[in-house]
Amino acid sequence: SVLPDIVNALMFTSIFSAGNTYTYCATRSLYGLALEGRAPAVLRKCWSNGVPIYCFLVVMCFPFLSFLQVGNGSAKVLDWLVSLITAGGIIDYLVMSVTFIFYYRACQAQGIDRKSLPYYGWGQPYCAYVALFIQTLVVIFYGYGAFTPWSVDGFFRHYTMQILAPILFIGWKLLKKTKFVKPLEADLVWQRPTIDRYEATFTQKPSGFWEEMLRLVGIGRKKRNPDEQVM
């Protein structure tokens, strides 16, 4: 009899985790677009702790769309939005894998030892290739239910992002006349001096993964001095 409660608890934590992740990713993505001049400059405004406040406020307008679920007609609109956003999220991870593979090739071509960098991922580039393969399968078969039986509504609900993403990518390439960067020409320094100066301002060692997990439940959490900077 306790199993339904366990399932509900797992669903609650999963939903909270997903919401937290997408809020962070959406806020930082919008902020990055603003920095690159692809979104209004006002979105570059940050608080003293580094949070892009206007980007956060814009992103937090969208959760209110969840109230569409209270009506039968509007619930269908919400179902469309959820399907589109989910497909877009999968494509984001696919693009991350492709980006890492390009980065790995650039490091190999320029003779840069990744172990000398602050973060070094094990099992690469094989893990990236495996992830890319699995993500591609998910993107392709994400809405397989639309084919059994065939449903126009189901097809566009589950595959609009898969169709739109290549169109936007190719369109941007043609419009801006940008080219793929060769491994030897990739800028692997970029903003590293700025980032190094920023990280040098922190006097405390960054928290590890398990330390952060324990702090989430109140274990090992200590009061922070107001004068200390927060990462």
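The values are calculated or read from the model by the stated rules, or taken from the named source; none is laboratory data. The shown structure was predicted, so the numbers you read here are calculated from the model rather than taken from an experiment. Neighbour counts are summed over all protein chains in view; Cβ atoms, including those assigned to glycine, are modelled from backbone coordinates with ideal geometry. Ligands, DNA and RNA are stripped out before the accessible areas are found, and what is left, the full protein with its side chains, is counted by its heavy atoms. Shrake-Rupley method; radii C 1.70, N 1.55, O 1.52, S 1.80 Å.
Scanning the stretch 132-147 for residues that are among the hydroxyl-bearing types (Ser, Thr, Tyr) and surrounded by 12 or more Cβ atoms within 10 Å (Cβ to Cβ) returns Thr136, Tyr142.
The single condition from (1) touching a Phe, Trp or Tyr at 6+ places or on another chain (Cβ under 9 Å); (2) open to solvent by 40 Å² or more (accessible area, probe 1.4 Å); (3) in contact (Cβ under 8 Å) with a residue 24 or more places away in the chain that Leu81 fails is (3). Within this structure, Ala165 passes the test of being out of contact with any Ser or Thr (no Cβ under 8 Å at 6 or more places or on another chain), of a type in the set (Gly, Ala, Ser) and in contact (Cβ under 8 Å) with a residue 60 or more places away in the chain.
Here are some residues: Thr194, Thr178. Which one is open to solvent by 70 Å² or more (accessible area, probe 1.4 Å) and either under 23 Å from the mean Cα position of the chain (by Cα) or among the hydroxyl-bearing types (Ser, Thr, Tyr) (or both)? Lay out the reasoning, then the answer.
Details: Thr178 fails: open to solvent by 70 Å² or more (accessible area, probe 1.4 Å).
From the options Thr194, Thr178, the qualifying one is Thr194.
Only one of Tyr54, Tyr31 is in a helix (DSSP H, G or I) and touching a Pro at 6+ places or on another chain (Cβ under 6 Å). Can you tell me which?
Matching residue, one of Tyr54, Tyr31: Tyr31.
Quick check: anything in the stretch 58-66 in contact with an Asp or Glu (Cβ under 9 Å, 6 or more places away or on another chain), free of Cβ contacts under 8 Å to residues at least 60 places away in the same chain and assigned to a helix (DSSP H, G or I)? The answer is no; no qualifying residue exists. For the condition of a type outside the set (Lys, Arg), farther than 23 Å from Tyr142 by Cα and in contact (Cβ under 8 Å) with a residue 40 or more places away in the chain, Tyr103 qualifies. Just one of the listed residues (Ala18, Ala26, Ala41, Ala75) is among the small types (Gly, Ala, Ser), under 30 Å from Tyr126 (Cα atoms), surrounded by fewer than 13 Cβ atoms within 10 Å (Cβ to Cβ) and out of contact with any Asp or Glu (no Cβ under 8 Å at 6 or more places or on another chain), namely Ala18.
If you go through the stretch 119-131 and keep only what is touching a residue at least 12 places away in the same chain (Cβ under 8 Å) and open to solvent by 40 Å² or more (accessible area, probe 1.4 Å), you end up with Gln124, Tyr129.
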